[in-house]
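The values are calculated or read from the model by the stated rules, or taken from the named source; none is laboratory data. Keep in mind that what you see is a predicted model, and the values were worked out from it rather than measured. Cβ placement follows ideal geometry from the backbone for every residue including glycine, while neighbour counts extend to all protein chains displayed.
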Amino acid sequence: MREFWFYFKNGIIGENPILRLMIGLCSVLAVSVRVNNCIAMGAGVLFVLVCSSLVISLLRNFVPREVRIPIFIVVISTFTTIVDLVMQAYLPSLSKAMGVFIPLIVVNCIIMGRAEAFASRKPPLLAFADALGMGVGYTLVITAIGIVREFFGYGAILSVPLLPSSYQGMMFMILPPGAFLLIGIYIALLNHFTGRVKR
């Protein structure tokens, strides 16, 4: 059980996919303008990551190394298709707003990277812990970025206006450089606090 919690916490802090590994940034830059997009993207990545890691871990002893990548892609694309179809059926406006980024979960570096580096080498329980930690870590960071970008970009959070209607918004925050700036700030904050804990 100690290993389970270690890998879970590692995905959130120690090897956070955005702030430590710097992978999966394309979706972060594009989607994190609105908080509801961030939550939907985080939930989609979390679902695909957990389900695909479990299946890949269960199949790891039966898949020849020569065809492992195509098998990983088939497994990941299956769960991505489920997410995409569920969003189209039950959240059509959100699905439209997310555009191509939900289907692109298939080639998200986080999911492919964890499948290759972890799930294909570890037992299902540890693969589940790693995937859950990575998914939660990704969701927390993209949502934290989305809150700041939506607030300063539109004067709202979750599309609820918080600033006067005269507020024009900061165009910089709506554009990708705003997300890059926030990622840098969050990396600095994480390094500061983890450094203090170590000392």
Could we say that Ser95 is closer than 22 Å to Gly184 by Cα, crowded, with 17+ Cβ neighbours inside 10 Å, modelled with pLDDT under 95 and in contact with a helix residue (DSSP H, G or I) (Cβ under 6 Å, 6 or more places away or on another chain) here?
no
Residues that are aromatic (Phe, Trp, Tyr): which helices (runs of 4 or more DSSP H) entirely in segment 2-80 hold 3 or more of them?
2-9
Within segment 105-119, how many residues turn out to be in contact with a helix residue (DSSP H, G or I) (Cβ under 7 Å, 6 or more places away or on another chain) and either hydrophobic (A, V, I, L, M, F, W, C) or modelled with pLDDT of 90 or more (or both)?
8
Enumeration of residues in segment 157-199 that are among the basic types (Lys, Arg) and not in a loop (DSSP other than H, G, I, E, B)
Arg196, Lys198
Can you find a residue in segment 57-80 that is small (Gly, Ala, Ser) and either more than 29 Å from Ser159 (Cα to Cα) or modelled with pLDDT of 95 or more (or both)?
yes
Pick from segment 34-60, criterion within 17 Å of Lys96 (Cβ to Cβ), surrounded by 20 or more Cβ atoms within 10 Å (Cβ to Cβ) and not hydrophobic (A, V, I, L, M, F, W, C), ranking: farthest from the chain's Cα centre (by Cα)
Arg34
Taking segment 148-174 and keeping residues surrounded by fewer than 16 Cβ atoms within 10 Å (Cβ to Cβ), farther than 18 Å from Met98 by Cβ and touching a helix residue (DSSP H, G or I) at 6+ places or on another chain (Cβ under 9 Å) leaves Pro161, Leu162, Leu163, Tyr167, Gly169, Met170, Met171, Phe172
All but one of (1) within 23 Å of Ile13 (Cβ to Cβ); (2) in a helix (DSSP H, G or I); (3) charged (D, E, K, R) hold for Lys96; state the number of the condition that does not hold.
(1)
Condition met for Glu150 (touching a strand residue (DSSP E or B) at 6+ places or on another chain (Cβ under 6 Å) and of a type outside the set (Phe, Trp, Tyr))
yes
All but one of (1) of a type outside the set (D, E, K, R); (2) surrounded by 13 or more Cβ atoms within 10 Å (Cβ to Cβ); (3) at pLDDT below 95; (4) assigned to a helix (DSSP H, G or I) hold for Val136; state the number of the condition that does not hold.
(3)
From Val31, Val63, which residue is over 12 Å from the mean Cα position of the chain (by Cα) and hydrophobic (A, V, I, L, M, F, W, C)?
Val63
Cβ-Cβ below 6 Å, separation at least six or inter-chain, first residue in segment 153-178 and more than 16 Å from Leu29 (Cα to Cα), second in a loop (DSSP other than H, G, I, E, B) and of a type in the set (Phe, Trp, Tyr): which pairs?
Gly155/Tyr167
With the condition kept exactly as written, say whether any residue in segment 86-97 is of a type in the set (D, E, K, R) and closer than 27 Å to Leu158 by Cβ.
yes
Restrict the check to segment 110-119 and report whether at least one residue is buried (at least 19 other Cβ atoms within 10 Å of the Cβ), of a type in the set (Asp, Glu) and assigned to a helix (DSSP H, G or I).
no
